[in-house]
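Visitor: Structure in structure tokens, see below.
Derivation of every value follows stated rules applied to the coordinates shown; laboratory data play no part. Bear in mind the structure is a predicted one, so any value in this text is a computation, not a measurement.
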Amino acid sequence: MITYFEELMQEEQEELRAVIQLLYRQTFLLERKYDKKSRRLVFNKDYRVAERHLPFIREYLDIAGIELKENPQTGLLYIQGENLMGDKLPKLATLYLLVLKIIYDEQMSAASTSSNVYTTLGDLNERLGSFGVLDAQPSYTEKKRALALLKKYQIIEPLDGMEELDFESRLLIYPSVSMVLLGDDARSILNTFGEDRNDDDE
């Protein structure tokens, strides 16, 4: 296994190392990502690198008890293992994530071929309001921070940029949201948030 890595050119070694670190950090790679210049989904370079060295990465991660899996339907490479721990998200980002998962599942069950799901910031906030999980309307800064974090982890792509967020701001939901949890679990968790808030009020 080490021989395989040593026989690669230095540039390839650096690419492969970066991809393994990225996989470990965020647990998945997207096959396609939104490109603002062309305004469409384009092939992700990191995914291509991983695909080229798949047997090596699989064997490398297996030593640590981590399994590398593929989902060709959604265009995802992802890892699973007992020792994987993601970063802790702030409350608003967590709530947005749960609602995004529900929206994604609803639209995917209605769509036949596309794995692309779109929503707006207004719809996201309305859905959040319908679960009654917030004490007050989040500030513009809180919303922007939450969306920037979800963009960083490639859960969403704000199609109109992050500069002027408003009710009509469009969001592309990546299939990576499916890696978070099942849709029914998302509803249960949101309902639990709402129940906890009602208990606090009482």
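Visitor: Amide H to amide H, which residues 5 or more places from ILE156 or on other chains are under 5 Å from it, using H placed in the peptide plane?
Guide: Amide H neighbours of ILE156, under 5 Å, 5+ apart: LYS151, TYR174.
Visitor: What's the center-to-center distance, using Cα atoms, between segment 132-183 and segment 16-80 in Å?
Guide: 22 Å
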